[in-house]
Amino acid sequence: MGLVTDEELAEARSQADNTGEGVIDTLLSQDILRPADVAQAKAAQFGSEVVNLSEMRLSDDVISSIPRHIAKRYRIVPVSKHDGTIAVAMSDPSDLDTIDSLTHLLNNQVEVRVATDEEIDEAINKYYGGADDSVSKMIQDITEGEVEIAGLGEEGGLEDDGSVIDADAPIIKLVNTVIVEAFKARASDIHLEPLEKRFRVRYRIDGVLHEIKGPPKRLQGAIISRLKIQSNMSISEKRVPQDGRIQMTVAGKSIDLRVSCLPTTHGESIVMRILDKEGLKLGLPELGFFTDDQQIFERLIGSPDGILLVTGPTGSGKTTTLYAVLNYINRPDRKIITVEDPVEYVMSGINQVHVNETVGLDFAAALRSLLRQAPNVIMVGEIRDLETATIAINASLTGHLVFSTLHTNDAPSAVARLLDIGVKPFLVASSARAMIAQRLVRKVCSRCGKSYEPTELELQSLGISEEDRKEAKFLKGGGCSECKNTGYRGRMGIFEMFVIDDEVRKLIYDRVSSTVLRSRAREMGMRTLREDGTRKVLAGLTTPEEVIKTTVMDVS
């Protein structure tokens, strides 16, 4: 073809002998040849046609003729299909073994077309998904018109019966990629929020929202409709809130998504809570318990009866703690029943009841019925009213161990909350084993965490003395690819454990205020949330900033 001179070839041969590289590879690395030239030469040698994959638009019908795993394994891309013959693009038309294997695997005649390695890799990523199959790349393709979305009308690319039309495959792929990318980023929630002029997508990672590149506003209807179909919601109903679930397998792991759809001014807002079942296998140390607190906690959850309450605001990790406890005590000789709204994680060996108030199955009704099932351990998702509280406490007094949650700011306030909703003081005093308040703080990234010196204000806020400073190991993350430049990776609990003893029971019976109970708890040695957080700061597990942000200052 006259692309290489004799001198260039001689020099390339000499260099190839020294490096052990091929002559063609050497010519390519020296920019004497271009990949397209090599493809042209190979095609001419074997009488094949050269194709430019970057300029072709392949239909879903052609792509589906070769499964993803075969395309990736053999590095081939189907370019056309006709009467029992599939034309495939490959970089080496001399690879007869691959051609022979494909003929048997596909049960079709295979015609060879030639393309460069780069074009084949790009096409595999584009049509089958690959390393560059990120949300932003897909959105860019859609925005720039590389991926056409047909039939985007009022319903957003859906037929009247709600089925997704074939041309909407990129929407399906985009929605799945948003979920997969969120899972890989360790997100707990995905927020899709329609704003006036844009469609915002955010991931909540370690409790903090991070915005990613959102799709064009014109795709809003199609994306929301796709998610509503996946989670078995009505796509025609856009005036009332709806709830649903999606089950997926990502990277070989089964995950559930709890989907909430809420009508807003500029369209329907969707929040998906990612429920990773691996989180259930957390042991007590992984929750954030130090050895001394863990021993107290293990003793409490080993009680034969009584009620143990975990308190804290929404998103403080109460449910994860309770599931970890159930996993810890789940043995063949114990019958465990839970009443939840909704059932977040499905656990083997445990009977779980989903509250459904529309048919009259509320917490109280479910609790009354499950007591006839003779359980040893009961977990009530949340105590919301007097009836549920009374049944749960009575169950704890009749030989059952009961776990539940309450929304209060600290542990002693849980007693006041129960009395406030109308539970008799003697019932609370005689049934309660402990109240545990908890919060979540972000952990310093183990990869980029470095020693640093906190400010005087931080040390003062946490009550860290000069003596404590000497043995402290203050760490702060500098930011790396592992933690997405935040300096934090993962979260852990900080706890306030209020164990009920005989003296506290007397105080509860006398209806004393939360302040008095708190003073008594402090005398008994209860560590407050901030004090437990401070211990974790001194151990280099989290930063003063996180603890100060999450907890209130202790009043001495």
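Only residues that are open to solvent by less than 40 Å² (accessible area, probe 1.4 Å) and out of contact with any Ser or Thr (no Cβ under 7 Å at 6 or more places or on another chain): list them for the range 193-211, please. Result: PHE199, VAL201, TYR203, ILE205, ASP206, GLY207. Regarding ARG218, is this residue assigned to a helix (DSSP H, G or I) and surrounded by fewer than 17 Cβ atoms within 10 Å (Cβ to Cβ)? For ARG218, the condition - assigned to a helix (DSSP H, G or I) and surrounded by fewer than 17 Cβ atoms within 10 Å (Cβ to Cβ) - is met. The residue that is modelled with the lowest pLDDT, counting only those in the range 515-556 that are part of a loop (DSSP other than H, G, I, E, B) and either small (Gly, Ala, Ser) or in contact with a helix residue (DSSP H, G or I) (Cβ under 6 Å, 6 or more places away or on another chain) (or both), is SER556.
For every residue, the table says whether it meets (1) of a type outside the set (S, T, N, Q); (2) more than 24 Å from THR249 (Cβ to Cβ); (3) open to solvent by 10 Å² or more (accessible area, probe 1.4 Å); (4) not in a helix (DSSP H, G or I).
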{"position": "SER269", "(1), (2), (3), (4)": "no, yes, yes, yes"}
{"position": "ARG273", "(1), (2), (3), (4)": "yes, no, yes, yes"}
{"position": "PRO285", "(1), (2), (3), (4)": "yes, yes, yes, no"}
{"position": "GLN294", "(1), (2), (3), (4)": "no, yes, yes, no"}
{"position": "PRO304", "(1), (2), (3), (4)": "yes, yes, yes, yes"}
{"position": "VAL310", "(1), (2), (3), (4)": "yes, yes, no, yes"}
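When the criteria are applied in full, LYS506 meets the requirement of being open to solvent by 10 Å² or more (accessible area, probe 1.4 Å), farther than 30 Å from HIS210 by Cβ and in contact (Cβ under 8 Å) with a residue 60 or more places away in the chain. Annotation: ASP243 fulfils all but one of (1) in contact with an Asp or Glu (Cβ under 8 Å, 6 or more places away or on another chain); (2) over 30 Å from ARG489 (Cβ atoms); (3) open to solvent by 20 Å² or more (accessible area, probe 1.4 Å); the unmet one is (1). Of the helices (runs of 4 or more DSSP H) lying entirely inside the range 377-473, those carrying at least 2 residues that are of a type outside the set (D, E, K, R) and open to solvent by 10 Å² or more (accessible area, probe 1.4 Å) are 386-397, 413-420, 425-431, 456-461. Among residues of the range 221-240 being without any contact (Cβ under 8 Å) to a residue 40 or more places away in the chain and open to solvent by 30 Å² or more (accessible area, probe 1.4 Å), the one that is nearest to VAL135 (Cα to Cα) is ASN232. Can you confirm whether ARG447 is touching a Cys at 6+ places or on another chain (Cβ under 8 Å) and of a type outside the set (A, V, I, L, M, F, W, C)? The answer is yes for ARG447.
Among residues of the range 282-314 being small (Gly, Ala, Ser) and over 19 Å from GLY533 (Cα atoms), the one that is modelled with the lowest pLDDT is GLY283.
Only one of the numbered conditions (1) in contact (Cβ under 8 Å) with a residue 60 or more places away in the chain; (2) out of contact with any Lys or Arg (no Cβ under 8 Å at 6 or more places or on another chain) is violated by GLN109, and that is (1).
The set of residues in the range 450-503 being free of Cβ contacts under 8 Å to residues at least 24 places away in the same chain and under 24 Å from HIS210 (Cα atoms) consists of SER481, ASN485.
The values are calculated or read from the model by the stated rules, or taken from the named source; none is laboratory data. Predicted, not measured: the structure shown is a model, and the values here were computed from it. Methodologically, a virtual Cβ is constructed for each residue, glycine included, from the backbone with ideal geometry; neighbour enumeration extends over all protein chains shown. Calculation scope for accessible area: heavy atoms of the full protein, side chains included, ligands and nucleic acids excluded. Shrake-Rupley method; radii C 1.70, N 1.55, O 1.52, S 1.80 Å.
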